[in-house]
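Undergrad: Let me begin by handing over the structure; questions about it come next.
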Amino acid sequence: MKKILYVYAKGGAPLEHAFPRIAACGELHVLALMPLPAAGEEQWRPCCASITEAGSDTARGDAVIEEIMRHAKFIGADAVVTLSEFAVLAVAHAADRLGLAGPGPAAAERARDKRLMREVWAAAGVPVPGFRRISSEAELRAALTELTPPVLLKPAWSAGSIAQLILDSPDDVSAVWTQVARALDKGNQVGMSELYETEADRHLLVEEIVDGSTDGWYDLPGYADYVSVEGIVAGGVYHPLCIAARLPPIPPFNEVASTMPCVLPEPLQRRIEEVSRQAVDAMGLDTCGTHTELKLRADGRMAVIETAARFGGVMITRQVEEVFGLDPIAMLVRQLLGEQVAYPERMLVEGQGAAASVVAAPADAAGTPWRSRPPWIPRSVEWSEILSPGSAIEPVAAFDLPAGRAVPAYDPTAGVANWLGVFMLTAADAETLLRDCNAVLDGLEDGLNRAAARSAAG
């Protein structure tokens, strides 16, 4: 049986979802560069032939590559894989040095460092917003005179909307520069930081906020002006699988839900597919999952926001399974093992039913912070009072705040650090799914308060 080394760090699909699919492809061995989650352990641990925990003081930079290589050689790995944004580059380097399939180190860096990413795209004619590299408060101030505000300051290596801040004028620079350092510290505290690039926190960029619009795109209101294309690059050939639509994020840019299937007309989905192909091809990736985000604009225009050499996080891979019947994780692992994989001839646009990943944060769908701080007891919520008949919701254990803990106040700069939990939501069709996503976001605070009141009364 072929042996697979999974390198664990925070991010990506929950282990109870990912590990059974990886283990179905071969003997699964785990190298944990961060403490493994206890959530869902009874489901994912039996899938593992071995687990090695590196400990909380794991070295970074070249040392982490050497650790991955040492463990891969020890078990005789035929493939090395990760689903974490923060381990992608380290795994790419290790696979390359071991002679195993992977995205390629240089390509993985382009898909991690948003500064390089935008520079490559600009040279290739991919539509991107105006941007500047930033390494000091003075450079940020100068950029505000060169770019058209409002602009978004973001870490070049971050994920999960951490430390993304909007500036409307040079007057905002001093305050924002202080805020971004604090927000990066919060991200580091929850393990959301790059493992290979040791200077990642010093690398920032600022970019123009592109005017997005759903006019001419969606026939129905309620969707965000950006989408993502989920795919796989196999031996340098890009295979887009499907589009995930989004609900509007809450300020400044905290994502709340991804939905499938996308309800855009097929001709518009095909145009998105081609721009996504242009963006991914420019990265020069060899073999990896991909997640490419695009901004929809007026007059049928688009701008590419970013791409990644890994699948979308939370439950996106399960959404693909639920709606389109594909198992992206198993497809990628089999490709890394050198096996034959059947890919759709074209990106899929029609599926069965509808599915969403819904992120719970202490704010409603409009971004209004909750007025109360109820205990986090989602499994006690009467979901039938919130959802449409026939819809189903499932809290995802891997993302849950500890049960009973008081919900914290909303922090607009904290990104994923605001997450209370993630729900897998399924419905009969896309229209019902959209309604239910908003019902969860707007009704969860009251649902938790009612659940707490019932518990106190009982």
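Undergrad: Scan 70, 60 and give me the residue that is closer than 26 Å to residue 283 by Cβ, in the same structural domain as residue 35 (by TED's automatic domain parsing) and basic (Lys, Arg). Walk me through how you get there before you give the answer.
TA: Working: 70 fails: closer than 26 Å to residue 283 by Cβ.
Selected residue: 60, the only one of 70, 60 that is closer than 26 Å to residue 283 by Cβ, in the same structural domain as residue 35 (by TED's automatic domain parsing) and basic (Lys, Arg).
Undergrad: Also: Can you spot a residue in the range 32-55 that is over 13 Å from residue 288 (Cα atoms), in contact (Cβ under 8 Å) with a residue 60 or more places away in the chain and crowded, with 23+ Cβ neighbours inside 10 Å?
TA: yes
Undergrad: Let me ask something additional. When residue 81 is evaluated against the numbered criteria (1) buried (at least 19 other Cβ atoms within 10 Å of the Cβ); (2) over 18 Å from the mean Cα position of the chain (by Cα); (3) more than 19 Å from residue 157 (Cβ to Cβ), which criterion, by number, is the only one it fails?
TA: Residue 81 satisfies every listed condition except (2).
Undergrad: Of all strands (runs of 3 or more DSSP E) completely enclosed by the range 1-56, which ones contain at least 1 residues that are in contact with a Lys or Arg (Cβ under 8 Å, 6 or more places away or on another chain) and at pLDDT 95 or above? Give the steps one after another, and end with the answer.
TA: On the way: elements: 3-8, 27-32, 48-53.
Output list reads 27-32, 48-53.
Undergrad: Continuing with this model, one more query. Given the criterion closer than 27 Å to residue 85 by Cα, not in a strand (DSSP E or B) and not assigned by TED's automatic domain parsing to the domain that holds residue 265, identify the matching residue among 413, 432, 426.
TA: Details: 432 fails: closer than 27 Å to residue 85 by Cα; 426 fails: not in a strand (DSSP E or B).
Checking each option against the conditions leaves just 413.
Undergrad: Do we find that residue 309 is surrounded by fewer than 21 Cβ atoms within 10 Å (Cβ to Cβ) and among the small types (Gly, Ala, Ser) in this structure?
TA: No, not satisfied.
Undergrad: May I ask you to say which residue of 367, 447 is out of contact with any Ser or Thr (no Cβ under 6 Å at 6 or more places or on another chain), on the phi > 0 side of the Ramachandran plot and not charged (D, E, K, R)? Don't jump to the end; show me each part of the working.
TA: Working: 447 fails: on the phi > 0 side of the Ramachandran plot.
Going through 367, 447 in turn, the sole match is 367.
Undergrad: Something else now. Which residue pairs have Cβ atoms closer than 6 Å, lie 6 or more positions apart in sequence or on different chains, and pair a first residue in the range 117-132 that is of a type in the set (Lys, Arg) with a second residue that is in a strand (DSSP E or B)?
TA: Short answer, once both residue conditions are applied: 118/131; 132/206.
Undergrad: Of the residues 359, 304, 314, 341, which is in the same structural domain as residue 447 (by TED's automatic domain parsing), under 30 Å from residue 113 (Cα atoms), touching a residue at least 60 places away in the same chain (Cβ under 8 Å) and not basic (Lys, Arg)?
TA: Details: 304 fails: in the same structural domain as residue 447 (by TED's automatic domain parsing); 314 fails: in the same structural domain as residue 447 (by TED's automatic domain parsing); 341 fails: in the same structural domain as residue 447 (by TED's automatic domain parsing).
Being in the same structural domain as residue 447 (by TED's automatic domain parsing), under 30 Å from residue 113 (Cα atoms), touching a residue at least 60 places away in the same chain (Cβ under 8 Å) and not basic (Lys, Arg) holds for just one of 359, 304, 314, 341, which is 359.
Undergrad: Would you check which residues across the range 304-342 are of a type in the set (Lys, Arg) and either closer than 30 Å to residue 125 by Cβ or in contact with a helix residue (DSSP H, G or I) (Cβ under 7 Å, 6 or more places away or on another chain) (or both) and list them? Before the answer, list the steps.
TA: Of the range 304-342, the ones of a type in the set (Lys, Arg) are 310, 318, 334.
The answer is 310, 318.
Undergrad: In the range 399-410, how many residues are assigned to a loop (DSSP other than H, G, I, E, B) and over 17 Å from residue 357 (Cβ atoms)?
TA: From the range 399-410, those assigned to a loop (DSSP other than H, G, I, E, B) are 400-405, 407-410; that's our starting set.
Still in the list and also over 17 Å from residue 357 (Cβ atoms): 402-405, 407-410.
Adding up the residues that qualify gives 8.
Undergrad: Among what's in the range 276-306 and is over 30 Å from residue 423 (Cα atoms) and acidic (Asp, Glu), pick the residue that is surrounded by the most Cβ atoms within 10 Å (Cβ to Cβ).
TA: Checked the range 276-306; the qualifying residue surrounded by the most Cβ atoms within 10 Å (Cβ to Cβ) is 286.
Undergrad: Look through 126, 120 and report the one residue that is assigned to a helix (DSSP H, G or I), among the β-branched types (Val, Ile, Thr) and under 24 Å from the mean Cα position of the chain (by Cα).
TA: Answer to the selection: 120.
For (1) free of Cβ contacts under 8 Å to residues at least 60 places away in the same chain; (2) more than 20 Å from residue 228 (Cβ to Cβ), each residue gets a yes or a no:
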{"residue": "355", "(1), (2)": "no, no"}
{"residue": "378", "(1), (2)": "no, yes"}
{"residue": "381", "(1), (2)": "no, yes"}
{"residue": "385", "(1), (2)": "no, yes"}
{"residue": "401", "(1), (2)": "yes, yes"}
{"residue": "429", "(1), (2)": "no, yes"}
{"residue": "444", "(1), (2)": "no, yes"}
{"residue": "452", "(1), (2)": "no, yes"}
{"residue": "455", "(1), (2)": "no, yes"}
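The values are calculated or read from the model by the stated rules, or taken from the named source; none is laboratory data. This is a predicted model, so every value here is computed, not measured. All Cβ positions, even for glycine, are placed from backbone atoms using ideal geometry, and neighbour counts span all protein chains on display.
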